[in-house]
Every structure is written in structure tokens, then in C-alpha cells.
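Values in this text are rule-based calculations from the coordinates and carry no lab data. Keep in mind it's a predicted model, so treat the numbers as computed, not measured. Positions of Cβ are generated from backbone atoms using ideal geometry, with glycine treated the same way; all protein chains shown enter the neighbour counts.
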Amino acid sequence: MSAQKNKKMKVALATLGCKVNQFESAAFLSELGERDVELVPFSHKADVYIVNTCAVTAKGGAQSRQVIRRALKVNPKARLVVTGCYSQVAPQDVLEIANSPICIVGNGYKHRLVDIALSDLHCDLEMHMGDIARLKEVCPLTAKSFGERTRAYMKVQDGCNSFCSYCIVPYARGRSRSYAIDQVLNQAALFAEQDYREVVLTGIHLGHYGLDLEPKTNLVALVRALVAQNLPIRYRLSSLEPTEITDELLELMAASAAIMPYLHIPLQSGDDGILKKMNRRYPAATFAEKVKKSVARLPGVGIGVDVLVGFPGEDEAAFRNTYDLLASLPVAYLHVFPYSKRPGTVAAGMADQVAKKVKEERVALLRDLDHKKRMAFYRQHLGSVQQVLVEGRKQGKMLRGFSENYIPVHFAAADNLANTLVSVRLEELTDDGVLGVLV
């Protein structure tokens, strides 16, 4: 009896979706690491399963349900705790997956998740949900570690006020809320103590950082404060809207070696009519202007672009506007997504839904353009020497890492270079990056 009592509870965690979810899961794991539990892989039999779900696409929701079922299959008697965006917008669908109780923790209660997961109390849906739209403060979470990665994601903001017509995220995450600058600086210092060499600033709407704080501040002020800390970290910005790529931000990036020459700018569509229907607040010409200005101010900058294909009403001419715009611009790569209906959004009820086959054809065309853009960007840098953060060995062969402008680089070297910055000359294109030589 006492031997059973002293046996550690086994806890497993699965994370789906965005960088914000991954930071939050890292915070869960940090707190669980301080409790008297044993962390096990999600495929193993556990006493508690935690699933941090995604709802940004229909596929994200389907994968979330699949992972929940997988946990129930491995141990039907386990305590199952489900959190994240899918459980926030579709709690009833989650509850109907199993006959046994499922504990749902809303996005506004994630700071209580570990206590709830390890509790002996029966799960109560309402107690852990609340009204996400009313929350005024960001959920207080701290990640003491980010697993075995060399790059850590650092959440600085949550929520979104934009309500793009296709997007479920504002309903899942609530209004825009930011961590105070001091909290962000403390989190960065924790990552530095754990020897992370690169930190990616992330949020649901990163460019709105600080606008809700009192007194108001902004992303540029936050980045300046991080750079002034002088930690042995290089910083990378995640997604920013075209209108948020300001001259002030570009000047700061150009002036500081600690901020990587990399931008991720969602376009979604290159057609002004579709952008208006999407409730995006810029014309295609503004996007083009921001890309050109960024490349002029930051030579060699890597620019990634999100594109949403097959939005309701996207005819052949609208798609061609998107394709031609992207083909004409010096971007490094594309993230291409087919539009999927999200119940509860304005776009879900729009007429002129695009046929699945048409969407698939257009996605294939843009993914082919993505390959061409990547190869052109990599080719442009052949012969240059890049600072590469070494992540580790790929499939027992070469070391792999990313340059400052996010080119994947493979090169021969000793294992002891993992998690260090090294100079590598880029020499040859491969299917998935560039072969280099240690300088």
C-alpha cells in the first residue's frame, strides 16, 4: 500500500499549433518539473494527459480531437486535461469525445492548469472557462526552460482585436493583452541562464504589444529594452502585419546586431477586393511597399509570407493578382494555407465558397512558387559567410543550424559545437537548404 502511495504520478503533454502554445506548454513543463511527478512521452501510459489544442484551421481542430482520442486509447482511466484554442471555442465537442470526464481549462486559466491537472477534484467545465473576451490581463506564465531546443519562443502578448473575417483566434484568445516590459526582461534573463542562444518574440498579435498597458508602450520600446539588457542572446521577431513594419523598427533592426534580419509578414491575399472581404486593413500596394523598404534597409533580410488560398469569392483573377504580386517581390519563402471554414466566423457564412479541387490546384501553384523563391534566396547568399546557430546533428550526418536570416545550413563539424554560434561559408544548394563549410 505505502509503495503504491509513494509511486510518482506520470504526466504526459502534447502541444499542437502556434509558437504561443509552445511557450505556454514550456511553462506547464517548467512547473510540472518542480512537482513530485514523472514526465513521460505522450505515447506512454500516463496517469494524467494534458493536450494543448489548436483551432486556427479545420485541420488543427481535427488533429486536436485525434490526440485526445489517442490518450484515451492508451489509458482510458487517466485524468485528461484539455486546454488551448480548440477547447475554448468548441468545449462541447471536446466533452463528447469520451464517456469519462474531461477537464477543460480555458485559455484565460492556463496559469492554474498544473494545479487543476494534479488535483483530486472532479472536473467542472464552467469553473475553468470564464469569458475570455472580458479578460484585461495576460495569463501569468513563466517558462524556466524550453526543452532541449537551442531556440526558445517567448510569449510577450496574447489576444487579438482585429477580427479578420476568416479567423477564429480572437474568439479563442480574447482581446489583446501584453506582459509588462519588466516581466519580458525577466523571462529573457531566465532563458539566458538556461543557455538559450536565440529567443523568438511571439504573440497572437505581436505588433499590438504594449498598446493595452498603462502607460502605453510598443514593440520597438520592448525590443530596445531587451537589447539594452546585453544578454548573450540573439532575438528574432515572429509575425508582424505589413502596417507594423515601421521605419523606426527597421532602423532599430539595422542598428542592432542582436536582432536578426528576418521578418514574417502575412499577406493572405494580393487582391484588394479579397483583402477587404477578409477585413485586412491594408491594400496589396502597402504590402509590396513594406517588403521593398525592408529589403532596402536590411540587405539580405529573410522575409517569410503567409498566404491564404481559396477565400470565398476568390476567382481566377483574384488568385492571379496574389500569385503575380508574390512572384514580383524579393521574399524568401511562403507559408501557403488553403482556406477552411471556421464556424462562428463571418467568412463561414459567405457565398461563393471556392471548390476544394480549385483550392488544391492554387495551393500547388503557390507551393511551387515557394520552392523557387527559397532556392533563389539561398542562391543569392552562396559564397557569403553566415553566423549559424548550431542545433545539432541531422540524421547522424552533418550538423544543422540556421543563419541570421533563417537559411537552413548543413555542414561537417564536431558534436561539441551544438548550441554555439559559428561562422559558415555557404557553398552549395540542396533540396532542403544549403551545404556549408566551417570557417
Using the count of nearby Cβ atoms within 10 Å as a rough guide to exposure, how do Arg134, Arg69 rank from fewest to most?
Arg134, Arg69
Cβ-Cβ FRET estimate between Ala98 and Glu34, R0 fixed at 25 Å, reported to 0.05
0.30
Using the Cα gyration tensor of the stretch 264-380, with a ≥ b ≥ c the square roots of its eigenvalues, what is the shape: rounded (a/c below 1.5), prolate (a/b larger than b/c) or oblate (neither)?
prolate
Net length gained if the chain between Lys372 and His44 were fully extended (0.36 nm per residue, minus Cα distance)
114.0 nm
Using a/c under 1.5 as the rounded threshold, could you call the stretch 7-130 rounded, prolate or oblate? The axes a ≥ b ≥ c are square roots of the C-alpha gyration tensor eigenvalues, and prolate needs a/b larger than b/c, oblate otherwise.
rounded
Extending each Cα 7 Å along its Cβ direction at Met9 and Ser162, get the distance between those two points in nm, one decimal.
3.9
Mind checking the log10 I(q)/I(0) for the stretch 197-260 at q = 0.11, 0.21, 0.24 Å⁻¹? Debye, one equal scatterer per Cα, no solvent, two decimals.
-0.24, -0.89, -1.14
The stretch 137-171 to the stretch 251-317: how many Å between their Cα centroids?
21
List the residues of the stretch 248-268 whose backbone N lies under 18 Å from a point placed 7 Å from the Cα of His335 along the Cα-to-Cβ direction.
260-268
Ordered by packing density, taken as the mean number of other Cβ atoms within 10 Å over each peptide's residues, highest first, how do 221-230, 398-407, 412-421 rank?
398-407, 221-230, 412-421
Return the FRET efficiency for the residue pair Asp432, His122: r is the Cβ-Cβ distance, R0 is 51 Å, and the value is rounded to the nearest 0.05.
0.55
Arranged by the count of other C-beta atoms within 10 angstrom, fewest first, what order do Met350, Met154 take?
Met350, Met154
May I ask you to evaluate 6.51 cos²θ - 1.76 cosθ + 1.60, the Karplus curve with θ = phi - 60°, for each residue of the stretch 262-276 and list the ³J(HN,Hα) values in order in whole Hz, giving x for glycine and proline?
8, 9, 10, 10, x, 9, 6, 8, x, 10, 4, x, 5, 4, 5
When volume of the Cα convex hull per residue in Å³ is calculated directly from the model, which label among [x] 142; [y] 159; [z] 134 fits?
[y]
In debye, nearest 20: dipole of the stretch 385-438 around its Cα centre with unit charges on the Cβ of K, R (+) and D, E (-)?
160
Step through the residues of the stretch 12-24 one at a time and calculate ³J(HN,Hα) from phi using the Karplus curve (6.51 cos²θ - 1.76 cosθ + 1.60, θ = phi - 60°), rounding each to whole Hz and writing x for Gly and Pro.
10, 10, 10, 10, 10, x, 7, 5, 5, 4, 5, 5, 4
Exposure-ranked with fewest Cβ neighbours within 10 Å first, Leu201, Leu190, Leu382 stand as Leu382, Leu190, Leu201
With label points built 7 Å along Cα→Cβ from the Cα atoms of Lys357 and Arg297, find their separation and express it in nm.
4.7
How much length is gained on full extension from Val74 to Val346, taking 0.36 nm per residue of separation minus their Cα-Cα distance?
94.1 nm
Measuring from label point to label point, each 7 Å out along Cα→Cβ, what is the Ala317 to Leu365 span in nm?
1.5
Sorted by number, the cysteines in the chain with no other cysteine beta-carbon under 4.7 Å are Cys18, Cys54, Cys85, Cys139, Cys160
Could you tally up the Lys pairs in the stretch 316-402 with alpha carbons closer than 22 Å? Skip any pair fewer than 8 positions apart unless they're on separate chains.
5
How about Lys293: which aspartates and glutamates have a C-alpha closer than 14 Å to its C-alpha, ignoring those fewer than 8 places off in the same chain?
Glu244, Asp247, Glu248, Glu251
Subtracting the Cα-Cα distance from 0.36 nm times the residue separation, let me have the gained length for Arg134 to Ala62 in nm, one decimal.
23.1 nm
